[in-house]
Amino acid sequence: MKNVIVNGFEYLKKLESKIAFYPTLYSLTGLVFAFFMYYAENKGISSYLADNVPLLVINNTQTAFNILTTFIAGLISIMVFSFSMVMVLLNQASSNFSPRVLPGLISNKRHQKILGIYNATLLFCIFTMVGIEPDGGENQLPGFSVLLAIVFMVICLGAFIYFIHSISQEIQVHNIMQRLFNEAKNRLDQLINSEKDSNQKFPDTDNWTVYKSPETGFLQDIVLDPIIQFAKENNNQFEIITIKGQYVYKDKPLFKSKTKLNDESLEELFKYFHFSRDEIIEDNYVLGFKQITEIAVKAMSPGINDPGTTIIAIDYLAELFQIRMYKNDISILFEDSQPLVKINSVTFKELLYFVLAPIRTYAKHDVIIVNKLINMFQHLAFNIDCDNKGYLSDINKEVKLLSIDANSAINNQEDLKYINNRLQSFNL
């Protein structure tokens with residue numbers, strides 16, 4: 001039962017992330033409401049309102065037809081314009097920033113809900129117009145439904161204005177990087193909070209049984225609570241070998257177990273490892289670093305030539321690195337003060353190198369970017385109270401690599417003199 005609940009929750013989470021989920025849900029709602037109003041009209045709701053509140057009823061058949069026809073044509077035009085605008089802006093984002101930022105823009109639930117409102121109103125208007133009998137009298141005219149169609153159309157116009165405003169803000173590079181930063185920061189904060197008071201050592205795992213991945217894909221998520229509960233109930237301990245967010249090949253080592261598992265237990269545990277062909281920042285903070293780095297590198301390309309965007313990206317990366325310095329390279333999960341699960345993650349050294357190597361490669365000739373990177377290193381090395389001194393050593397190594405690249409790429413001796421003077425504060 002527990003497995004069914006966990007798997008069902010994960011399925012609903014994946015379903016909700018699909019771009020068609022909210023438009024489909026809202027469309028079905030509009031369709032059901034149209035049939036409900038058809039039933040209410042047959043019960044005489046319009047006749048009752050015409051006798052008691054005549055202002056709420058449209059009592060002219062030709063007027064009702066003209067209104068609904070205009071609404072249907074207008075809604076189709078609005079939807080075509082909205083979809084066209086989305087496609088143009090997504091193409092612009094892919095060209096100017098990075099194709100990997102597109103899933104975050106497409107999955108914006110506000111925009112999906114607006115498209116759903118359009119569809120729901122369109123279906124309501126169509127089925128309301130179908131219910132009008134041209135030769136029927138005032139008692140057969142769904143006058144109240146037509147009034148509701150007017151109300152829904154006003155809501156659509158408001159949603160359209162909001163859509164134009166929102167999509168124009170969403171596509172700006174500052175807002176894209178802010179979204180990436182917030183998602184990565186939130187994930188990092190969750191991981192740091194889970195590591196509090198976890199100073200206890202984990203036993204050596206060299207002789208533990210290794211179990212291999214049952215499939216290929218990104219290790220998108222690990223449902224840890226049932227794994228911890230399983231370890232506690234079976235007096236067992238686990239080490240997750242594969243780093244979350246990493247691309248895993250089938251039959252490659254996935255995790256280690258202190259005791260050997262039978263086929264039934266192994267099948268149960270595999271259900272808590274979720275693989276996907278997509279990467280999601282909410283589940284993997286490293287992807288936030290990668291996407292901001294891609295935007296920074298793309299901004300330095302000759303076709304874009306926007307060092308200002310790279311400078312802003314480095315500011316976001318500096319703050320993320322600052323938060324990352326408070327996280328351990330290895331996480332240990334406890335239950336009743338007993339270490340049960342050890343989770344390997346991308347080390348600070350690896351993260352620092354793989355984020356900064358592309359920026360150094362494509363921007364080492366730019367004096368402003370090099371100085372901005374030095375500012376970041378000085379902030380991380382001298383202004384952060386970090387208990388892990390190994391992180392400071394990793395920063396010094398990156399400073400040394402930056403010094404080598406800058407001295408090889410910058411020809412102006414005055415610029416080099418200024419840069420080397422600033423680098424003297426580090427232990428190179």
Confirm whether Lys372 is buried (at least 19 other Cβ atoms within 10 Å of the Cβ) and outside any helix (DSSP H, G or I).
no
Might you check whether a residue that is in a strand (DSSP E or B) and either modelled with pLDDT of 85 or more or open to solvent by less than 60 Å² (accessible area, probe 1.4 Å) (or both) occurs anywhere in segment 264-273?
yes
In segment 43-60, what residues are open to solvent by less than 90 Å² (accessible area, probe 1.4 Å) and closer than 25 Å to Leu157 by Cβ?
Ser46, Leu49, Val53, Leu56, Val57, Ile58, Asn60
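From the list Leu89, Leu68, Leu75, pick out the single residue that is surrounded by 15 or more Cβ atoms within 10 Å (Cβ to Cβ) and more than 15 Å from Ile150 (Cβ to Cβ).
Working: Leu68 fails: more than 15 Å from Ile150 (Cβ to Cβ); Leu75 fails: more than 15 Å from Ile150 (Cβ to Cβ).
On inspection, the qualifying residue turns out to be Leu89.
Inspect all residues belonging to segment 136-159 and state whether any of them is among the hydroxyl-bearing types (Ser, Thr, Tyr), part of a helix (DSSP H, G or I), closer than 29 Å to Asn60 by Cα and at pLDDT 85 or above. Before you say what the answer is, go through the steps one by one.
Restricting attention to segment 136-159, the residues satisfying the condition of being among the hydroxyl-bearing types (Ser, Thr, Tyr) are 145.
Cutting the leftovers down to part of a helix (DSSP H, G or I) gives us 145.
Those left that are additionally closer than 29 Å to Asn60 by Cα: 145.
Add one more test, that the residue is at pLDDT 85 or above, and what stays is 145.
Looking through segment 136-159, at least one residue is among the hydroxyl-bearing types (Ser, Thr, Tyr), part of a helix (DSSP H, G or I), closer than 29 Å to Asn60 by Cα and at pLDDT 85 or above.
When the residues of segment 248-263 are narrowed to those that are aliphatic (A, V, I, L, M) and more than 23 Å from the chain's Cα centre (by Cα), which ends up most open to solvent (accessible area, probe 1.4 Å)? So that I can check it myself, show each step before the final result.
First, pick out the residues of segment 248-263 that are aliphatic (A, V, I, L, M): 248, 254, 261.
Right, trim to more than 23 Å from the chain's Cα centre (by Cα) and you get 254, 261.
Numbers: Leu254: 0, Leu261: 26 Å².
The qualifying residue most open to solvent (accessible area, probe 1.4 Å) is Leu261.
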For segment 193-247, which positions are under 23 Å from the mean Cα position of the chain (by Cα), surrounded by fewer than 16 Cβ atoms within 10 Å (Cβ to Cβ) and part of a helix (DSSP H, G or I)?
Asn193, Ser194, Asp225
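Among the helices (runs of 4 or more DSSP H) contained in segment 57-132, which hold 3 or more residues that are at pLDDT 80 or above and touching a helix residue (DSSP H, G or I) at 6+ places or on another chain (Cβ under 7 Å)? It would help to see each step written out before you state the result.
Details: elements: 61-96, 102-106, 109-130.
Those helices (runs of 4 or more DSSP H) span 61-96, 109-130.
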Of the residues that sit in segment 404-428 and are more than 14 Å from His365 (Cα to Cα) and outside any helix (DSSP H, G or I), which one is modelled with the lowest pLDDT?
Leu428
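If you go through segment 300-348, how many residues are of a type in the set (S, T, N, Q), in contact (Cβ under 8 Å) with a residue 40 or more places away in the chain and not in a helix (DSSP H, G or I)? Full working, then the answer.
Here is the first cut: in segment 300-348, the ones of a type in the set (S, T, N, Q) are 301, 305, 309-310, 322, 328, 331, 337-338, 344-345, 347.
Now drop any that are not in contact (Cβ under 8 Å) with a residue 40 or more places away in the chain, which leaves 301, 309-310, 322, 328, 331, 337-338, 344-345.
Filter once more, so that each one left must be not in a helix (DSSP H, G or I): 301, 328, 331, 337-338, 344-345.
So the count comes out to 7.
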Going by the structure shown, is Tyr48 modelled with pLDDT of 75 or more and not aliphatic (A, V, I, L, M)?
yes
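Mind checking which residues of segment 304-327 are more than 18 Å from Arg187 (Cβ to Cβ), open to solvent by less than 40 Å² (accessible area, probe 1.4 Å) and over 20 Å from the mean Cα position of the chain (by Cα)?
Step one: filter segment 304-327 for residues more than 18 Å from Arg187 (Cβ to Cβ), giving 304-315.
If we keep only those that are open to solvent by less than 40 Å² (accessible area, probe 1.4 Å) too, we end up with 308-310, 313-314.
Within segment 304-327, Gly308, Thr309, Thr310, Ile314 qualify.
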Suppose the filter is in a helix (DSSP H, G or I), touching a helix residue (DSSP H, G or I) at 6+ places or on another chain (Cβ under 9 Å), crowded, with 19+ Cβ neighbours inside 10 Å and at pLDDT 90 or above; does Leu401 pass it?
no
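The values are calculated or read from the model by the stated rules, or taken from the named source; none is laboratory data. Keep in mind it's a predicted model, so treat the numbers as computed, not measured. Neighbour counts run over all protein chains shown; Cβ positions are idealised from the backbone, glycine included. These accessible areas exclude ligands, DNA and RNA; they are computed on the full protein's heavy atoms, side chains included. Shrake-Rupley method; radii C 1.70, N 1.55, O 1.52, S 1.80 Å.
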